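The values are calculated or read from the model by the stated rules, or taken from the named source; none is laboratory data. Only a predicted model underlies this, so the values are computations on that prediction, with no experimental measurement involved. Counting neighbours? That spans all protein chains shown, and the Cβs are built from the backbone with ideal geometry, glycine included.
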Amino acid sequence: QLRLVESGGGLVQSGGSLRLTCTASPAASTMDYYAIGWFRQAPGKEREGISAIRDSDGRSYYSESVRGRFTISRNIAKDVVYLQMNSLKPEDSGVYYCAASPTWASLAENAYDDWGQGTQVTVSS
């Protein structure tokens, strides 16, 4: 089973920025075989997919709620995936998870087999 660890969450004010990092173990071939997705869950709400990056060519996908503000990327070594979050709003608050899919990049959580423990993002008004 793939191990995923998120980091970079924290408290920011509205309009601020955060960069989340997803690190996978084992790392050597992970990004060649798995698509990586970012999800978030606010208290009392369903977990929603917000971004994903395809393993084959690095093509990215975004939900309407974050498109234009968030950017997903992977490093040259293909062992780390980032989520740059700009122009943050209070509605962006929640626990953010990264996940790995052995099939294809998707914003649907049922495409993903392995999940990190999550990192908290809180955006104040």
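Looking at the structure I just gave you, is residue 93 within 19 Å of residue 124 (Cβ to Cβ) and among the hydroxyl-bearing types (Ser, Thr, Tyr)?
Working: within 19 Å of residue 124 (Cβ to Cβ): yes; among the hydroxyl-bearing types (Ser, Thr, Tyr): yes.
Answer is yes for this residue.
Filter region 54-70 for residues that are under 15 Å from residue 105 (Cα atoms) and modelled with pLDDT of 95 or more and give the result. Can you show your working first?
Step one: list which residues in region 54-70 are under 15 Å from residue 105 (Cα atoms), which gives 54-63.
Residues satisfying the conditions are 60, 61, 62, 63.
Taking into account only those residues within region 1-42 that are at pLDDT below 95 and assigned to a loop (DSSP other than H, G, I, E, B), which is surrounded by the most Cβ atoms within 10 Å (Cβ to Cβ)?
Ranking the qualifying residues of region 1-42, first place goes to 34.
Would you say residue 71 is among the polar types (S, T, N, Q) and within 10 Å of the chain's Cα centre (by Cα)? Steps first, please.
Working: among the polar types (S, T, N, Q): yes; within 10 Å of the chain's Cα centre (by Cα): yes.
So residue 71 passes the test.
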